[in-house]
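Below is one structure, written out as structure tokens, with a few remarks after it.
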Amino acid sequence: MEHKIIIGGDLVPTNSNKEEFINGNIENIIDSKIINILKNANYRIFNLETPLTNTNNPISKEGPNLKAEVDTIKGISKINPDLVTIGNNHILDYGEEGLRDTIKLLEENAINFVGAGKNLDDAKKPFIIELENMKIGVYACTEHEYTLATETTSGANPFDPLNSLDHIETLKKEVDYVIVLYHGGKECYRYPTPYLQKVCRRIVDKGADLVVCQHSHCIGTYEEYNNGTIVYGQGNFLFDRPDKINYEVKQTGLIIELTIGKDKNKKIEFIPIKRKNNGIELAKEADAQEIISNFKNRAEEIKVKGFIEDNFNKTVRSEGARYLIRLSKIGSVISALDNRIFKGKLLKRELKKYFSIRQRHTLENMLQCEVHNEVALRYIKLLNEQKRGEK
């Protein structure tokens, strides 16, 4: 008996389609071919990249605070998700209340979840899928941003190599097959960073059969490593958020179809999808061939010794100035103007005016030295907590 498991990317009801979600008219935003693929699967997994809440109390953070209204659960349920990962960098965007609302809503609608919880012990728990005589363990974790659980507060499960790799190794002893959903990597970047590849390979070494990196919002690439498969970015499933920056790369995504046979052999297929208006459709033949061809070409590129490091260096040289300038008071304004008017050329040319060589050395040391990094991060964290307490 074969078991077919679908893994979809980021799922977020947005202003452009929330009424369809609220009314349960999912067929208006997901074409029938995709719906049939979902129906024919034994199990469906998605990344719920937003809290489901009506609270209006967003946390203080850089970047957008995402949320979807509670009533959108009707449309989400119509997709028939068996499991959603909420271990991501947005699940705490509306605080612990928003996460509590989300968990309550999922439980009321019989939708399982993984990757977040009422505290760290709760958040790190894997979810075990039982299909006839087979157990499939799902472990979900996220890189360090604003939504992490602690020993006493709710949030997402942080990837910590000192703990997470042990969690995966233990899970492997309890199940037949391990899927790790890793929320991380560089947004809108089609390749793994050097660090991401090291992490994902180590996850496979510890027992993962399939590692899926979500968060990049674009299709990346993949590799076969040590009897495991690593997908470095599958793109969105349904996340129709207007975005003029890197808009092209967010137009497509992949549905991952994992088939596990009775002898526990696996087959993985990548099904390309495209945004259409405020929804998604199955990519048509010519588009599908191009998407998969590019996906596989990138898989060949990363096999070339030095490619991942060199390509990342090239990207950092192109975009790094924007990261640094955001440290100043008017950095976000300058960065936005540079992106929209000067196409990124201003910061690349004028960075020396904003940061002296001494400042750059200081920042380099602060970021790379463990103790300096720890002190700086803790100081910033304490300042932020003090500021929140003054409100």
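The values are calculated or read from the model by the stated rules, or taken from the named source; none is laboratory data. Just so it is clear, the model here is predicted, and its values are computed rather than measured. Every residue, glycine among them, receives a Cβ derived from its backbone with ideal geometry; neighbour counts consider all protein chains shown. Quick note on the areas: whole protein, heavy atoms, side chains included, nothing else; ligands and nucleic acids left out. Shrake-Rupley method; radii C 1.70, N 1.55, O 1.52, S 1.80 Å.
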Exercise. Using modelled backbone amide H atoms (1.01 Å from N, in-plane), which distant-in-sequence or interchain residues come within less than 5 Å of I255's amide H?
Worked result: I271, I273
For this session: For the chain, set up a Gaussian network in which alpha carbons nearer than 10 Å are linked by springs, and say which option among G261, G228, G115 fluctuates the most.
Result: G261
For this session: Would you work out the relative contact order for the chain, in percent, from Cα pairs under 8 angstrom that are 6 or more residues apart?
Result: 14 percent
Problem set entry | Relative contact order of the stretch 14-106, pairs being alpha-carbon contacts under 8 Å that are 6 or more residues apart, as % | 38 percent
Problem set entry | DSSP loop GluC sites (Glu not before Pro) with at most 11 other Cβ within 10 Å excluded, longest remaining stretch of the chain | 152-391
Exercise. Given R₀ = 41 Å, FRET efficiency for I128-K61 by Cβ-Cβ distance, to 0.05?
Worked result: 0.80
Exercise. Do any chymotrypsin sites (Phe, Trp or Tyr not before Pro) in the stretch 76-145 lie in a DSSP loop with no more than 11 other beta carbon atoms within 10 Å, and if so, which?
Worked result: none
Exercise. For the stretch 250-278 and the stretch 144-190, what is the separation of their C-alpha centers, rounded to whole Å?
Worked result: 22 Å
Exercise. Out of residues 5 or more away from T153 or on other chains, whose amide H comes under 5 Å of its own, with H placed 1.01 Å from N in the peptide plane?
Worked result: L120
Problem set entry | For the stretch 140-295: span of alpha carbons on each principal axis (Å, largest first) | 43, 41, 26
Seminar exercise, completed: trypsin sites (Lys or Arg not before Pro) in the stretch 17-109 lying in a DSSP loop, each with at most 16 other Cβ atoms within 10 Å of its Cβ, come to K61
Exercise. Hey, what's the chain come to in accessible area per residue, 1.4 Å probe, Å²?
Worked result: 52 Å²
Exercise. Using a 1.4 angstrom probe and counting only protein chains, how large is the accessible area of L38 in Å², to 10?
Worked result: 10 Å²
Problem set entry | Net lengthening on full extension, E97/Q289 (0.36 nm per residue, minus Cα-Cα) | 64.7 nm
For this session: For the stretch 215-229, just list the computed ³J(HN,Hα) in residue order, Karplus coefficients 6.51, -1.76 and 1.60, θ = phi - 60°, integers in Hz, with x standing in for Gly and Pro.
Result: 2, 6, 6, 8, 6, x, 8, 8, 8, 9, 9, 6, 6, x, 10
For this session: Below 16 Å Cα-Cα, how many Lys pairs turn up in the stretch 130-221? Only count pairs eight or more apart in sequence, or on different chains, if you could.
Result: 6
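K296 to E390: FRET efficiency via 1/(1 + (r/R0)^6), r the Cβ-Cβ distance, R0 51 Å, to the nearest 0.05?
Step by step, r from the Cβ atoms, then E = 0.45.
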Seminar exercise, completed: With Cα springs under 10 Å, the Gaussian network model of the chain assigns the largest mean-square fluctuation among V138, V175, V316 to V316
For this session: Could you count how many Lys pairs in the stretch 221-296 have their Cα atoms under 29 Å apart, skipping same-chain pairs fewer than 8 positions apart?
Result: 23
For this session: Find the percent of Cα-Cα distances in the stretch 42-199 that exceed 27 Å, and round it to a whole number.
Result: 23 percent
